[in-house]
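For reference, the structure is listed below as structure tokens.
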Amino acid sequence: MKTISVFGVFVADLCFISNAIPEKGQTILGSQHIVGPGGKGSNQAIAAAKVNGNVNFITKIGKDKNGEMALTLYKELGIDTACIIQDPNYSTGVAGIMVNEKTGENAINIIPGAAGTLTNDDIDRNLNFIAKAEIFLTQLETPYKVTSYALKKAKEKGLATILNPAPACEIDDDDFKLIDFFTPNETEAEFYLNKKIETEKDIKSASEKFLKKGIKNIVITLGEKGCYFANKKENFFIEAFKLKSPVLDTTGAGDAFNGALAVGLSKDLDIKEALIFANQVAAISTTKQGAAASMPSMEDLNNY
Ligand code: RIB
């Protein structure tokens, strides 16, 4: 099986659960507070490891309690921690997450902390580990210049690259050409094309625009509607996995999808099979609370 190198952020998620997400200026009484592992890169690494992916994770954390939470978890899950920098000068990041327990929807504010100080040198120091992998998976929570540099290096070393553009931020024109798989959700796709995406026709024409930018394969995730795939040869919709239990918390569902997609590709699954698998992992993750804590294992998938 191929190795997946994930570059991204770990933070401690401070989750506030209640029957609504507060409006601007509103105070509400919540029902539950949970502190757990989060950060998109870390969630994706964990999602991949839980479904038997071979993962190394590149990030920076502080020498503190939250940083220890990350390292303990990675050790338990067999994630290679050789590329994790622990810097006593910074705190591990945190995210404040408001979850609506009735709909599973959320609102997130993330402070990347130590991971916000990652540099190109940190990538260079870990180049040997990147070169040993075959798939490179990243997001946009790390400083953009460093993410762009890491994508360039991964491509130079011959890896297949996946960029999950979350949270959406401007991407240099040249960098689109470094992306083998681009995985925005509808809102992120709208950000890049500055156009509303509402109909199937909008989704197809958005994908064509992304392919014209130099991206090799585009996957637009559509929540409960599944996802859409396109490259120069083929395009198709894939329905969402049908759940038999209620959606509790959608936090990390996109991360579950990306981690599982990377594993599908690492096992050389046909792209359709890899996307069906990613849809299933993402859907099942919404039936549990938390971000990393909701990632299903292979056993969970088989038992579902
Ligand atoms: O995608 C969900 C994640 O986004 C949360 O875990 C939070 O930490 C933010 O990074």
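Overall shape of segment 1-89 was characterised from the C-alpha gyration tensor. The equivalent ellipsoid obtained from it has semi-axes of 29, 16, 11 Å, in decreasing order.
Dipole magnitude for segment 1-127: computed about the Cα centre from +1 point charges on Lys and Arg Cβ and -1 point charges on Asp and Glu Cβ, it is near 160 debye.
Couplings for segment 59-66, taken from phi via the Karplus curve 6.51 cos²θ - 1.76 cosθ + 1.60 with θ = phi - 60°, read 7, 10, 10, x, 8, 9, 4, 5 Hz in order; Gly and Pro are left as x. Here the Karplus curve 6.51 cos²θ - 1.76 cosθ + 1.60, taken at θ = phi - 60°, turns the phi angles of segment 98-104 into couplings of 9, 10, 8, 6, 7, 10, x Hz, with x standing for Gly and Pro.
Surface exposure of segment 45-148, expressed per residue as accessible area with a 1.4 Å probe, stands at 43 Å².
Within the accessible area of segment 127-269, the carbon and sulfur atoms contribute 52%, probe 1.4 Å, all protein chains present. Couplings for segment 270-283, taken from phi via the Karplus curve 6.51 cos²θ - 1.76 cosθ + 1.60 with θ = phi - 60°, read 4, 4, 5, 5, 5, 6, 5, 4, 5, 4, 5, 4, 5, 4 Hz in order; Gly and Pro are left as x.
In this structure, residue 89 and residue 191 have a Cβ-Cβ separation that, at R0 = 41 Å, corresponds to a calculated FRET efficiency of about 0.80. Amide H contacts of residue 94 (H built 1.01 Å from N, in plane; Pro and chain starts excluded): 12, 111, 113 sit under 5 Å, all sequence-distant by 5 or more or on other chains. Centre-to-centre, using Cα atoms only, segment 231-304 and segment 55-132 are separated by 22 Å. For residue 209, the lysines whose Cα falls under 20 Å of its own Cα, not counting residues fewer than eight places away in the same chain, are 177, 195, 196, 201, 232, 233.
The values are calculated or read from the model by the stated rules, or taken from the named source; none is laboratory data. The shown structure was predicted, so the numbers you read here are calculated from the model rather than taken from an experiment. Cβ atoms come from the backbone with ideal geometry, glycine included; neighbour counts cover every protein chain shown. To get the accessible areas, we keep the full protein, side chains included, count just its heavy atoms, and leave off ligands, DNA and RNA. Shrake-Rupley method; radii C 1.70, N 1.55, O 1.52, S 1.80 Å.
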